[in-house]
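Encoded as structure tokens, the structure appears first; notes follow it.
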Amino acid sequence: MAGVGGGNDFQWCFSQVKGAIDEDVAEADIISTVEFNYSGELLATGDKGGRVVIFQREQESKNRPLSRGEYNVYSTFQSHEPEFDYLKSLEIEEKINKIRWLPQQNAAHFLLSTNDKTIKLWKISERDKRAEGYNLKDEDGRLRDPFRITTLRASYVLKNLLIWFFPLQVPVLMPMDLMVEASPRRIFANAHTYHINSISVNSDHETYLSADDLRINLWHLEITDRSFNIVDIKPANMEELTEVITAAECHPHQCNVFVYSSSKGTIRLCDMRAAALCDRHSKFFEEPEDPSSRSFFSEIISSISDVKFSHSGRYMMTRDYLSVKVWDLNMENRPVETYQVHEYLRSKLCSLYENDCIFDKFECCWNGSDSAIMTGSYNNFFRMFDRNTRRDITLEASRENSKPRAMLKPRKVCTGGKRKKDEISVDSLDFNKKILHTAWHPKENVIAVAATNNLYIFQDKIN
């Protein structure tokens, strides 16, 4: 069966897997976000231990033709540490909630990372030279005695003034082993009362927004001590609270437009030119609910866990618990496309509610041409949908099929009746294995899938 990716028929094959094979996975090692940079040459992951690991794509080698630009560790650093809010007696986890790259302007790379409360701007730069031959420091970096810097070469007496001449040396740059440095350039703190769930870099590349459960703030990348509150849905009486903000994103081309989704399954598009506080939306996207299918779980499963603009800016995609929907920004009353991710779980909602899986927040992503979309499921399955042909495929991130260039076999879930040989029954799905975070290379058919503490990278195999 051909794969899904937009354009030509092709199949997906295994490329790499990163992470330990241990059965007992440490909580701190669980991957919590995955993000390619704008060129796709770098891939960043964040984990629950507050660490950021950046992978760099190697250049294709004639000696290793099968490597085809593998991703290898480029830099690893501790982005956030656990903290304690003494005013509220709350522990602040170090878990990285989101990573967003900034467009590259020079040799260095910049990214934003956030935990529940604090956003940091990191600079990732390379050093392969060091300065040697300082006048005031010795080889160990210690300051020299200024009176012993050099020997006296000449002195002159001029109108009772003694003038000393020292042969000063000019420091030179000497080659050294390549060192990748990650340094925090800005720390944006103390602006969110509730947990940050989204950050999004604006198309002007000077500002970005951050969203928590009830508010959205607009920041300038150069200013850390203040931000502008552009959305505030907190009611005067918290008992009247009916919905929370679940995700937010800036438009890819119009720096005045952004969207945010809610736990009620609605999406609001706002224009910052209309007012300083965007408490009145410009557009309101909501699909009418079918009264016949309403149940106790309706509101929970309609909560939107992710919203993403297409690269073109014409569409946006939302993920709720059971489906992915594509919306045309010019049509608010219903989505133009709806894709069922795991409809076979509708009969299992009661048990999924009891084990809290119903509250899992699945992300979604577009391919580079906006012709295909990808999102995760349970049992380490992930789903892909071709928007042109309306075909879909279920694939599995597993070490059992982790030979280089090994083809990924489509997986099928048996929803009832007699189970076929290559199918898996709904009852045997492992709900502890879940694909929440995925990323698609912006220019090529290369995908990154986070499965607990492992990062799988797959690529296409053109027929």
Problem set entry | Residue that is farthest from Leu43 (Cα to Cα) [pool: residues in region 79-88 that are open to solvent by 60 Å² or more (accessible area, probe 1.4 Å) and part of a strand (DSSP E or B)] | Phe84
Exercise. Considering region 259-290 alone, what residues qualify as being outside any loop (DSSP other than H, G, I, E, B) and within 18 Å of Lys325 (Cα to Cα)?
Worked result: Val259, Tyr260, Ser261, Ser262, Ile267, Arg268, Leu269, Lys283, Phe284, Phe285
Problem set entry | Matching residues in region 431-450 - criterion: being farther than 21 Å from Ser198 by Cα and open to solvent by less than 50 Å² (accessible area, probe 1.4 Å) | Phe431, Asn445, Val446, Ile447
Problem set entry | When residues of region 336-356 are limited to those that are crowded, with 21+ Cβ neighbours inside 10 Å and assigned to a loop (DSSP other than H, G, I, E, B), the one nearest to the chain's Cα centre (by Cα) | Val341
Exercise. Of the residues in region 293-335, how many are in a strand (DSSP E or B), open to solvent by less than 20 Å² (accessible area, probe 1.4 Å) and among the hydroxyl-bearing types (Ser, Thr, Tyr)?
Worked result: 2
Exercise. For region 89-120, how many residues meet the condition of being in a loop (DSSP other than H, G, I, E, B) and aliphatic (A, V, I, L, M)?
Worked result: 4
Exercise. Any chance region 385-399 includes a residue that's of a type in the set (Gly, Ala, Ser) and either over 22 Å from the mean Cα position of the chain (by Cα) or modelled with pLDDT of 95 or more (or both)?
Worked result: no
Exercise. Based on what the data block shows, is Glu206 surrounded by fewer than 17 Cβ atoms within 10 Å (Cβ to Cβ), more than 23 Å from the chain's Cα centre (by Cα) and charged (D, E, K, R)?
Worked result: no
For this session: Residue by residue through region 209-238, note down the ones that are touching a residue at least 12 places away in the same chain (Cβ under 8 Å), open to solvent by 60 Å² or more (accessible area, probe 1.4 Å) and among the hydrophobic types (A, V, I, L, M, F, W, C).
Result: Phe228
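Each row is one residue, and each column tells you yes or no for (1) among the β-branched types (Val, Ile, Thr); (2) at pLDDT 95 or above.
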{"residue": "Val34", "(1), (2)": "yes, yes"}
{"residue": "Gly49", "(1), (2)": "no, yes"}
{"residue": "Val53", "(1), (2)": "yes, yes"}
{"residue": "Glu60", "(1), (2)": "no, no"}
{"residue": "Pro65", "(1), (2)": "no, no"}
{"residue": "Tyr86", "(1), (2)": "no, no"}
{"residue": "Leu90", "(1), (2)": "no, no"}
{"residue": "Lys98", "(1), (2)": "no, yes"}
{"residue": "Ala107", "(1), (2)": "no, no"}
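The values are calculated or read from the model by the stated rules, or taken from the named source; none is laboratory data. Note that the structure is predicted; figures quoted are calculated from it, not measured. Virtual Cβ from ideal backbone geometry, glycine too; neighbours counted across all protein chains shown. We work out accessible area using only protein heavy atoms, side chains counted, and drop any ligands, DNA or RNA first. Shrake-Rupley method; radii C 1.70, N 1.55, O 1.52, S 1.80 Å.
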